[in-house]
Amino acid sequence: MERLSDPYFYPLYSALAYYSAVFAIGELARFLVTKYVSPRGNSQLFAIELIGTIQMCTCVYENGIIVKNYGLNAFFIVVGLLLTAGGIFNRGALTNCVPIIEDFFYSACSSSKFLAILTAQLIGASFASKCAYFIWNWTSQYSQSHLENALNTTCILQYKQSAGIVIAFEIFGAFAMRILIAKIAARPSLRKTIPFVVSLYLTAALYIIGVPGLNPIVATARLFGCQGIDNHVFVILYWICPVVGWLGGAHFVRNSAVTPVKKSSKKSKKN
């Protein structure tokens, strides 16, 4: 018990309380939406996507505390658990635009559904920083980590690699993740590992590149407007690159899923 009261764990307790509060508020909001918003049309879909996006993007802000105090191994575990929890509680919210862009590209969803989900995600991403700073300010008297974050309003991106390598990493990373997720999803016994596969990629990106991407919505929520990259380059790097890579992976998966039909021989043996 004395070990648990060690100040070393204080940032972890702050982060756990933060994550729990965000998920609890999100779950309450989802309960109210499913109870009072009609599932007809796209209203409920929009609201569920909006809540899920705000929830997941707000949690991303707290991940910096985990990395700063406990390193990349802890980051890998925490992100994997957050993605797992999101899969359980989010009621189908994507919180990532690339899957719905893929569906729209391949005419697997209507334009109204596509616009509803994408709009909800963009609005949700824009609210995440406000929610994070509200929580940090509100809890700053109880948590030194939250006090430091509340006072730090600057965001500077520091890349470990050249621009070409960063671009290639985003494209080929999204391409590989689309294929790998499809392979894992095809095996029911392994589906629960998908959040940790994604977390492993993000951890590797953080270690190799310095700034992980993959999800344009999360990148927009956390990185847009930061120093070290202008807006035009941001759109290319964190929107166009992952979308191109993801669609390339989707094309590969969809084509490989088509098995050629063997033609049976119509010739009969003559007696």
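Only the coordinates and a few stated rules stand behind these numbers; no lab work does. Here the structure is a predicted model, which is why all the values come from computation and not from measurement. We place every Cβ from the backbone using ideal geometry, glycine too, and count neighbours over all the protein chains shown.
How far, in degrees from 0 to 90, does helix 194-208 lean away from the longest principal axis of the Cα atoms of the chain, to the nearest 10? That works out to roughly 60 degrees.
Considering the chain at the alpha-carbon level, its Rg and Dmax are found to be 21.3, 95 Å.
Taken one residue at a time, the phi angles of the stretch 245-255 give Karplus couplings (6.51, -1.76, 1.60, θ = phi - 60°) of x, 5, 5, x, x, 5, 4, 5, 5, 5, 6 Hz. Gly and Pro are set to x. By the beta carbon rule, with partners counted only under 4.7 Å, the chain holds these lone Cys residues: Cys57, Cys59, Cys97, Cys109, Cys131, Cys241.
Whole-percent P(r), the stretch 1-110, all Cα pairs, 10 Å bins from 0: 13, 37, 29, 15, 5, 1. Considering only Phe252, Gly228, Gly41, and ranking their Cα positions along the charge dipole of the chain that arises from unit charges at the beta-carbon of Lys, Arg, Asp and Glu, the one farthest toward the positive end is Phe252. Using the rule -39500 (n - 2.57) for each DSSP H run of four or more residues, divided by the residues of the chain, the 222 nm mean residue ellipticity is -23500 deg cm²/dmol. Springs join every pair of Cα atoms under 10 Å in this Gaussian network model of the chain, and among Leu247, Leu151, Leu202 the largest mean-square fluctuation is at Leu151.
Only Lys, Arg, Asp and Glu carry charge here, each on its Cβ (+1 for the first two, -1 for the last two); on that basis the chain has a dipole of about 2060 debye about its Cα centre. Computed over the alpha carbons of the stretch 13-66, Rg followed by Dmax gives 13.0, 41 Å. 3J(HN,Hα) along the stretch 141-148: 6, 10, 9, 5, 4, 6, 4, 4 Hz, from the Karplus curve 6.51 cos²θ - 1.76 cosθ + 1.60 with θ = phi - 60°, whole Hz, x for Gly and Pro.
Hey, what D do you get for the stretch 152-213 in µm²/s if you plug the Kirkwood alpha-carbon radius into Stokes-Einstein at 4 °C and 1.567 mPa s?
100
Which angle from 0 to 90°, rounded to the nearest 10, does the C-alpha axis of helix 43-89 make with the longest principal axis of the chain? Helix 43-89 sits at roughly 70 degrees to that axis.
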